[in-house]
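Enquirer: Please read through the structure below; I'll follow up with questions.
The values are calculated or read from the model by the stated rules, or taken from the named source; none is laboratory data. Note that this is a predicted model, so its numbers are computed, not measured. Heads up, the Cβs are rebuilt from the backbone with ideal geometry, glycines too, and the neighbour counts pull from every protein chain shown.
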Amino acid sequence: MTIHELTESGAELLHDHGVDNYRNEVRYILMEIIDKDVTYIMLHGDEEVKKEHEELFDYRIRQRCKRYPLQYILGHQEFYGLDFMVDQSVLIPRQDTEILVEHAIACLKEHFNDRTPKVLDLCTGSGCIGITLAKNVNIELTISDRSREALAVATKNLKKHEVSADIICGDLFEEMVDTFDVITANPPYIPRQVINTLMPEVREFEPMMALDGHEDGLYFYRRIAKEAERYMEEDGHIFLEIGYDQGPDVKRIFEDQGFRDVEVIKDYAKDDRVVHAVRYKEGTK
């Protein structure tokens, strides 16, 4: 078959199975297989595709028809201008999380430009938050996750981006001994009863461990707020991704645990997306 015939047949299949943006997704899948860019595909529609490439294309299109996420099919996802390897062990990096990274970078540059700050990225998954921080600011990085499979992916991404980090496998702070200037986290925050309403790409294929925030979605924020103090340096900062409707609740949770200057930061869609809080030295603020 030709490039044009493949893309047309693939697009028809994806459309019939309810996949949005089906034409672009077909091109992404074929680009990856034949190692050409979109311009080449658009201009060389009459070119015959190798039989082995045609078979792989057909397999991946049928995966996508089952709503298997495109990023897992391709094996990578762009985040903050960097390319991260992903598989079903980790959440797919999303643009919403870039807001957290932007504000953490600004904080690191403003408050720690006289020394190398120590940064902990909890629930690191693919490592996209911590690695992106390390590529933009000089930091001592530690990444942590309770999933060994996720840490295996994060380790590959550390190597790919030539970033060094301490790697800890544990449930939040349970294996920690150090203290940190900045903590970041994208913890599980979907209320359990909401998970079944998510799009099939998320509820059926992304790791449940990284989605399930227990009954009200706030379980991990309560734990982090309660446990973080002993692992933070004086005047340390913490940045956490939150659900669009969780800002007031998470803000209150951290204020109740003695954090100050707790702010809720909105994403580009004007939804609450990040909570930033400070643990001040006793007797100040």
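Enquirer: For the stretch 211-261, what are the residues that are surrounded by fewer than 20 Cβ atoms within 10 Å (Cβ to Cβ) and at positive phi?
Expert: Listed by number, the residues that qualify are His214, Asp235, Gly258, Asp261.
Enquirer: Only one of (1) of a type outside the set (Gly, Ala, Ser); (2) touching an Asp or Glu at 6+ places or on another chain (Cβ under 7 Å); (3) modelled with pLDDT under 95 is not met by Gln246, so which one is it?
Expert: Among (1) of a type outside the set (Gly, Ala, Ser); (2) touching an Asp or Glu at 6+ places or on another chain (Cβ under 7 Å); (3) modelled with pLDDT under 95, the lone unmet condition for Gln246 is (3).
Enquirer: What pairs come up if the first residue lies in the stretch 231-256 and is within 20 Å of Leu120 (Cα to Cα) and assigned by TED's automatic domain parsing to the domain that holds Asp212, the second is assigned to a strand (DSSP E or B) and among the hydroxyl-bearing types (Ser, Thr, Tyr), and their beta carbons are under 9 Å apart, counting only those six or more places apart or on different chains?
Expert: Every condition considered, the pairs that remain are Ile238/Thr184; Phe239/Thr184; Leu240/Thr184; Glu241/Thr184.
Enquirer: Give the number of residues within the stretch 10-69 that are over 29 Å from Met199 (Cα atoms) and touching a Lys or Arg at 6+ places or on another chain (Cβ under 6 Å).
Expert: Adding up the residues that qualify gives 1.
Enquirer: Another question about this same structure. Which members of the stretch 194-218 meet the condition of being within 15 Å of the chain's Cα centre (by Cα) and among the small types (Gly, Ala, Ser)?
Expert: Ala210
Enquirer: Among (1) modelled with pLDDT of 95 or more; (2) touching a strand residue (DSSP E or B) at 6+ places or on another chain (Cβ under 9 Å), which single condition is Glu55 missing?
Expert: If we test Glu55 against (1) modelled with pLDDT of 95 or more; (2) touching a strand residue (DSSP E or B) at 6+ places or on another chain (Cβ under 9 Å), just (2) comes out false.
Enquirer: Which one of Pro187, Pro207, Pro191, Pro200 is touching a Cys at 6+ places or on another chain (Cβ under 7 Å) and either surrounded by fewer than 20 Cβ atoms within 10 Å (Cβ to Cβ) or not basic (Lys, Arg) (or both)?
Expert: On the way: Pro207 fails: touching a Cys at 6+ places or on another chain (Cβ under 7 Å); Pro191 fails: touching a Cys at 6+ places or on another chain (Cβ under 7 Å); Pro200 fails: touching a Cys at 6+ places or on another chain (Cβ under 7 Å).
The conditions single out Pro187.
Enquirer: So Asp35 clears everything in (1) in contact with a helix residue (DSSP H, G or I) (Cβ under 6 Å, 6 or more places away or on another chain); (2) on the phi > 0 side of the Ramachandran plot except one condition, right? Which one?
Expert: (1)
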